[in-house]
Amino acid sequence: MLTTPAPPAAAPAAPPRHHPDVTSGWQPTPAATRRVRALRTRRITRVNLCTAVVMASLGLVGVHGQLGVEEVTAQGFSIGRVAPPMAAVGRSARGAAADGAAPPVAVKAMPTGKGMWIYEFPRTEGGNMEAIVAKAKATGITHVYPRMGSHWDGFNARKYLDTFLPLAHAAGIKVFGWDFPRLGDSLPSDIERARTMIHYTSPSGDRLDGFSADIETINEGSHVSPEVASTYGRALREIAGPDFTLIATVPRPSPRNRPDYPYGEIVESFDAIAPMIYWLNRQPDTDVIGAIDELAKFGKPVFPVGQAYDGKAEGGRAGVPPAEELQRFMRTSLEKGATGVSFWSWQAADNAAFGAIRDAFEFRSPEQAPV
């Protein structure tokens, strides 16, 4: 994605963009293990009870061990509760199957509401999966983007995802895994790694709700051309199928990036665009307006990614942006038609940033406690 923050004891910072994978002796706590096993048992039971009816009539069981998607609408946007990543039908399909009605159309999971990006699990709430989910719920976070790996260190998040996926889904939190491809002559390995990530299934039967490719510029390590971008996107779509959510994470379309970065070819096979809008020494509202206006021509929903890290190392103002700037980022995104935002990154954000995200009226989950 971008920066690697400083250790928790120091003020958040923005060191090198490509931090080597952090190894850790982390293991799931006994309580977390028991919860995952309990969730697995309940899901298996639910599937067994409805197998005769559902499999006979639909031939399909939701990948989370339950059928489909439950959507709720509040504050003018939709928030998916538990959104299976592959083709699935809504919860009401149980009743539809029983009375012979046609099942509802599949609903793709989208990153609506407020989200956070996870760069390194060991440096996110100390690698405690239950603590991550609890803080997400307390902050009103409806979705997270965990780092799955990259060209440089492969798919290295398995041991965390095995515990995190079922806990997040049980809490109604969507999980959109992200990968950092190198592209260029690494295109074949990037595609195969994405295939493994997209189809990864935890022991509990949980899978990602969607996949995001973080396609950077050459300065950050992505060797992207129009031809490579088109080939990569088409390959991901073939791997994922038509009903799985693909999100293109791209640089802000600034005057510097627009001439050389193949936005059109990159986004053509993706369902949505997540521009990295890190305003640094500029202002969040003007950057949001410029990015959404520029990307509107592609006819895809835009989910802005905001700055919740210290941008000093990149020429920005020192420190994590204050609450007023984070709120202005969210307010402007909503005014420009976005149905969700997210922030980079969990481990770099300070308490004030989490408080601003929690207290914002914009993109508020109906389940979140009132301010």
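Okay, here's what the table says:
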quantity	calculated
Unique residue being under 14 Å from residue 179 (Cβ atoms) and more than 19 Å from the chain's Cα centre (by Cα) when the list is 230, 222, 254	222
Flag if residue 111 is at pLDDT below 95, touching a Ser or Thr at 6+ places or on another chain (Cβ under 9 Å) and crowded, with 18+ Cβ neighbours inside 10 Å	no
Residue satisfying condition, being within 18 Å of residue 145 (Cα to Cα) and part of a helix (DSSP H, G or I), within set 343, 354	354
Members of the stretch 252-296 that are farther than 20 Å from residue 338 by Cβ and hydrophobic (A, V, I, L, M, F, W, C)	280
Residue count, the stretch 329-368 (criterion: within 19 Å of residue 174 (Cα to Cα) and surrounded by fewer than 16 Cβ atoms within 10 Å (Cβ to Cβ))	2
Residue 160 within 25 Å of residue 327 (Cα to Cα), out of contact with any Leu (no Cβ under 9 Å at 6 or more places or on another chain), of a type outside the set (S, T, N, Q) and in the same structural domain as residue 192 (by TED's automatic domain parsing)	no
Residues of the stretch 170-199 classified as out of contact with any strand residue (DSSP E or B) (no Cβ under 7 Å at 6 or more places or on another chain) and part of a helix (DSSP H, G or I), total	9
Count of the stretch 249-268 residues which are of a type outside the set (Lys, Arg) and under 24 Å from residue 116 (Cα atoms)	8
Which numbered condition residue 95 fails, given (1) crowded, with 19+ Cβ neighbours inside 10 Å; (2) modelled with pLDDT under 95; (3) not aromatic (Phe, Trp, Tyr)	(1)
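The values are calculated or read from the model by the stated rules, or taken from the named source; none is laboratory data. Keep in mind it's a predicted model, so treat the numbers as computed, not measured. Here Cβ is always computed from backbone atoms with ideal geometry, including for glycine, and neighbour counts include all displayed protein chains.
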